[in-house]
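This report refers to the structure that appears directly beneath it.
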């Protein structure tokens, strides 16, 4: 009997198990428990939610291992954690801590402005952000086992999440209508490997699970992203920066499952208290937009 | 025969595809009226806590439990196995299961995601070759009651053999996720052998 860990199927398969679910950002064990009780499929352990990173500035790094350990001990659902783009030592540390998924994330300050982590070198799977199909396929080529559309983290403004999901979906649909001999140019233009471009053109979808992230603050935001083709959603600041996190978390879980049933979403949206205040992406000068990190 | 896939959370699409390849036209079920009209049910892989939470929130938990007790043929993979177990170790406080299988399962028994693995397993009822099984944060069966047939076991990190595929009457469960590999023999077995026990609904 030959047992193998860290295969593509095992890494990508893990993301398949998260589909239709909500992954929530948490900064301590109490929040992780609230997320689990509300029906989150996984939690993302980090030191500051994106809204605070944005407000406080400074360099944002991988979380303290002690904090990650405490969250791991508090919940039975998968625990994810973020490493800086290109910071493969942070990723090695997270793998040694036994986190279930690593997010190589633009929400943290990048460590490398040219190279991403070579994710094939790891047993633990990675999720990476993307704003378009070419970026998604470059990450998959580097070994990412899951993609999330970036949106604009820490804003509570859904507009960029919509832009990125529509962009990726539109580019996939365009590929499916092309002749095979046109895919070479498409690959060149997207700066993506031809083999992956061809695979997407044939399947009509990415070869990995794609979630949506960055600006989701309400149950209806979550449902909107599901309609646009997301397999599930990440909610960062939107839950624990709101007035009643436990209720809002449970409401977003319901809306993600029943995204095509407006009555359920209407009921889920009642009496949730204040949503996060948020900040309009239009008011954020371009150099401070996190989605532009990653190459 | 109407085969439903419980469509609350998890790898629903993969089970759909596996069932379609077996010549079945499955339907997604998540509302009471949908669950009342099916002749068999598949519970997908996913997060058992999330699926149980959603089933309770949307008022289908007791209905599914009642239908399983009344003999509805049901197959669960991974999280689905946990939800079909009468007893769960390492559950969260208050975690409920539908039950139906007189087994005790241990959640995340093989470890965390870095310990998730593929392995060849042999199931006599499915013939040869061995099945390539994908275990993702998978549970194992800690012990089984007298009426439970063990279809496959693996030698686990604790040095003991643990059941990873079990059947009791019209209930079938696997720790692993055959829907991820394109090998549909488990689904075929479920449709051809287990669903034979379906009782006509009124």
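The values are calculated or read from the model by the stated rules, or taken from the named source; none is laboratory data. Everything numeric in this text was worked out from a predicted model, so none of it was measured. All Cβ positions, even for glycine, are placed from backbone atoms using ideal geometry, and neighbour counts span all protein chains on display.
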- Task: Being outside any loop (DSSP other than H, G, I, E, B) and closer than 23 Å to residue A:169 by Cα is the filter; apply it to region A:229-251 and report the residue that is nearest to the other protein chains (Cβ to nearest Cβ).
- Result: A:233
- Just give me the residues in region B:115-141 being assigned to a loop (DSSP other than H, G, I, E, B) and either within 8 Å of chain A (Cβ to nearest Cβ) or surrounded by fewer than 23 Cβ atoms within 10 Å (Cβ to Cβ) (or both), in sequence order. B:116, B:122, B:123, B:127, B:128, B:129, B:130, B:136, B:137
- Item | Hey, residue A:47 under 21 Å from residue A:90 (Cα atoms), modelled with pLDDT under 95 and either away from every other protein chain (no Cβ under 14 Å) or out of contact with any helix residue (DSSP H, G or I) (no Cβ under 7 Å at 6 or more places or on another chain) (or both) or not | yes
- Item | Selection count, region B:76-109, where residues are out of contact with any strand residue (DSSP E or B) (no Cβ under 9 Å at 6 or more places or on another chain) and within 17 Å of residue B:164 (Cβ to Cβ) | 1
- Message: Please go through region A:77-100 and give me each residue that is touching a helix residue (DSSP H, G or I) at 6+ places or on another chain (Cβ under 7 Å), surrounded by 24 or more Cβ atoms within 10 Å (Cβ to Cβ) and free of Cβ contacts under 8 Å to residues at least 40 places away in the same chain, ordered by number.
- Response: A:81, A:83, A:84
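Among the residues of region B:50-58, is any under 14 Å from the mean Cα position of the chain (by Cα) and within 10 Å of chain A (Cβ to nearest Cβ)?
Pass one, region B:50-58, residues under 14 Å from the mean Cα position of the chain (by Cα): B:51-52.
The next check asks that each one be within 10 Å of chain A (Cβ to nearest Cβ); those that pass are B:51-52.
Yes, because at least one residue in region B:50-58 is under 14 Å from the mean Cα position of the chain (by Cα) and within 10 Å of chain A (Cβ to nearest Cβ).
Every residue, every condition in (1) within 18 Å of residue B:177 (Cα to Cα); (2) facing another protein chain (nearest Cβ under 9 Å), yes or no:
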position: B:45; (1), (2): yes, yes
position: B:60; (1), (2): no, no
position: B:69; (1), (2): no, no
position: B:89; (1), (2): no, no
position: B:92; (1), (2): no, yes
position: B:95; (1), (2): no, yes
position: B:105; (1), (2): yes, no
position: B:110; (1), (2): yes, no
position: B:113; (1), (2): yes, yes
- Got a sec? Which of A:68, A:23, A:34 is assigned to a helix (DSSP H, G or I), under 20 Å from residue A:233 (Cβ atoms) and either within 12 Å of chain B (Cβ to nearest Cβ) or over 16 Å from the mean Cα position of the chain (by Cα) (or both)? A:34
- residue A:195 fails exactly one of the following numbered conditions: (1) assigned to a helix (DSSP H, G or I); (2) under 21 Å from residue A:47 (Cα atoms). What is the number of that condition? (2)
- Query: Which ones in region A:1-20 are within 7 Å of chain B (Cβ to nearest Cβ), within 30 Å of residue A:250 (Cβ to Cβ), part of a loop (DSSP other than H, G, I, E, B) and in contact with a strand residue (DSSP E or B) (Cβ under 7 Å, 6 or more places away or on another chain)?
  - Reply: A:19
